[in-house]
Amino acid sequence: MNHQVRPAERGADSEVDIDLRHHGDSETGPGLLDFAVNVRTGTPPAWLAERIAASITDLATYPDPGSARRAVAARHGRDPADVLLTAGAAEAFVLLARVLRPRRAVVVHPQFTEPEAALRAAGHRVERVLLRPPGFLLDPEAVPEDADLVMLGNPTNPTSVLHPATVVTRLARPGRTLVVDEAFADCVPGEPESVAGRRDTPGLVVVRSLTKTWGLAGLRAGYLLAAPDLVERLAAAQPLWSVSTPALVATEACCAPAAIAEAEQWARQLARDREAFAEALRAAGVCVTPAAAASFLLVNVGDGNRVRARLRDEGIAVRRGDTFPGLGSDWLRVAVRDEKTSLRMARTLAKLL
Ligand SMILES: Cc1ncc(COP(=O)(O)O)c(C=O)c1O
């Protein structure tokens, strides 16, 4: 068994002790080599920054999401009625938490903590299903049958594990909302396990982000894909004009075939850089979570707090693991950078260990 179900009653107190609102950006800073944040370096690309900058001349007009919505729909082979544009994936989680009325909400961890934070902030009780090392594999049987809301990430932050679409969709059933956070889906060439194009899966909601691949963390651009009736209910709860004109322009631009081809090419390079980094870390004696598919690696170093502090002394910022439910302080998440930068980091780590 690589999982454990924790009853909400038993886990509730210790669960809120974890700072679910801790994120990698608070671990990096000026002068530090950033392995803590998962945004692609060298982004946004110049062509995208220019498109966004050009949209500034239209700021006197209220944003019109129509064209960006159609572009997202076309990119995923969906109908525009299936698309809700949001101010980043983060807004999608908040809208879902405010609109849905789950009797039994389950979050599959370790994963990005904002979905759970949003549910709790909206007053919902949350149960956790913890996937277990070394593989952090998804076992649909671990999710309670009567859970009417299930949230998971694919590929998952921070484990970098990519669950097969056939396993993910086994979690779907009538009467249940299944939210799949695909913020890192475009790290995988061809996105073979993405379920963004599925219209036949009951209760499926797919959340996507432009933040990571396109370097738009400060712009707030993302979207969700769901059945039109749920999209309508979520839209009714969304603040008017929530997604700004520059964010709409960026969303449409990133759905263009040329942008998708660029992301695909980057994803292929990422796979090579990630493999080289993982190999160097293993050679340094670090335990690396296998089968990584995203732009980061989850590693177990033993005495992670000391290692993290020592790395910081050496000018390197990494993401602590202990604010992810299911992980402890021995775990660290490290972003994959270009091979030269990653190998430098691995050498420093080898020295410290
Ligand atoms: C897995 C995952 N989903 C969603 C988000 C949030 O994305 P956005 O910037 O689009 O709100 C993050 C950001 O760290 C993330 O790691």
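Coordinate-derived values only; no laboratory data. The structure displayed is predicted, hence computed values, not measured ones. Every residue, glycine as well, gets a Cβ built from its backbone with ideal geometry; the counts of neighbours run over all protein chains shown.
Go through segment 118-200 and name the GluC sites (Glu not before Pro) that are in a DSSP coil and have 11 or fewer other Cβ atoms within 10 Å of their Cβ. Display every interim value, and only then the final one.
On the way: sites: E127, E141, E145, E182, E193; in loops: E145, E182, E193.
The qualifying sites are E145.
What is the spin-label model distance, in nm, from A54 to V167 if the labels are put 7 Å beyond Cα along the C-beta direction?
With each label point 7 Å from Cα toward Cβ, the separation is 4.4 nm.
In whole Hz and in residue order, list the ³J(HN,Hα) couplings for segment 263-273 that follow from phi through the Karplus curve 6.51 cos²θ - 1.76 cosθ + 1.60, θ = phi - 60°; x for Gly and Pro.
Here the 3J(HN,Hα) series is 4, 4, 5, 4, 4, 5, 5, 4, 4, 5, 4 Hz.
Charges on Cβ only, +1 for Lys and Arg, -1 for Asp and Glu, centred on the Cα centroid of segment 208-292; of L240, V286, S209, which one is farthest towards the dipole's positive end?
Of the candidates, V286 comes out farthest on the positive side.
Rg/Rh for segment 48-256 to two decimals, with Rh computed the Kirkwood way over all alpha-carbon pairs. The partial results should precede the final answer.
Values: Rg = 16.6 Å, Rh = 17.3 Å.
We get a ratio of 0.96 for segment 48-256.
Of all DSSP beta bridges in the chain, what percent run antiparallel (nearest 5)? Before the final figure, lay out the partial values.
Numbers: 22 of 42 bridges.
That works out to approximately 50 percent antiparallel.
Take the Cα coordinates of segment 155-298, assign each an equal point scatterer, and use the Debye formula without solvent to give log10 I(q)/I(0) at q = 0.16, 0.19 Å⁻¹.
Debye intensities relative to I(0), on a log10 scale: -0.97, -1.23.
For L353, which sequence-distant residues (separation of 5 or more, or a different chain) have an amide H within less than 5 Å of its own amide H, given hydrogens modelled in the peptide plane?
The answer is none.
With all distinct Cα pairs included, what does the Kirkwood hydrodynamic radius of the chain come out to in Å, to one decimal, could you say? Don't jump to the answer; show the numbers that get you there.
On the way: mean 1/r = 0.0485 Å⁻¹.
In the chain this quantity evaluates to 20.6 Å.
Against the empirical 2.2 N^0.38 Å scaling, what ratio does the C-alpha Rg of segment 201-280 come to?
Numbers: Rg = 16.2 Å, N = 80, 2.2 N^0.38 = 11.6 Å.
That works out to 1.39 for segment 201-280.
What ³J(HN,Hα) values, in whole Hz, does the Karplus curve 6.51 cos²θ - 1.76 cosθ + 1.60 give for segment 177-188 when θ = phi - 60°, with x put for Gly and Pro?
So the J values, rounded to whole Hz, are 9, 10, 9, 10, 7, 10, 4, 10, 4, 7, 6, 9.
May I ask you to derive the relative contact order of segment 48-256, considering only C-alpha pairs under 8 Å and at least 6 residues apart, and to give it as an integer percent?
Computed value for segment 48-256: 30 percent relative contact order.
Using the Karplus curve 6.51 cos²θ - 1.76 cosθ + 1.60 with θ = phi - 60°, work out ³J(HN,Hα) for each residue of segment 321-338 in order, rounded to whole Hz, and write x for Gly and Pro.
x, 6, 9, 9, x, x, 10, x, 6, 6, 9, 9, 10, 10, 6, 8, 10, 4
What is the dipole size for segment 48-256, taken about its Cα centre, with +1 at each Lys and Arg Cβ and -1 at each Asp and Glu Cβ, in debye to the nearest 20?
Magnitude of the dipole: close to 320 debye.
In segment 82-150, which trypsin sites (Lys or Arg not before Pro) fall in coil by DSSP and have 14 or fewer other Cβ atoms within 10 Å?
Working: sites: R98, R103, R104, R120, R125, R128; in loops: R103, R104, R125.
Passing both the DSSP loop test and the Cβ count: R103, R125.
For a footprinting-style exposure proxy, rank M345, M151 by other Cβ within 10 Å, fewest first. All intermediate terms of the calculation are to be shown ahead of the outcome.
Numbers: M345 22, M151 28.
Exposure proxy ranking, most exposed first: M345, M151.
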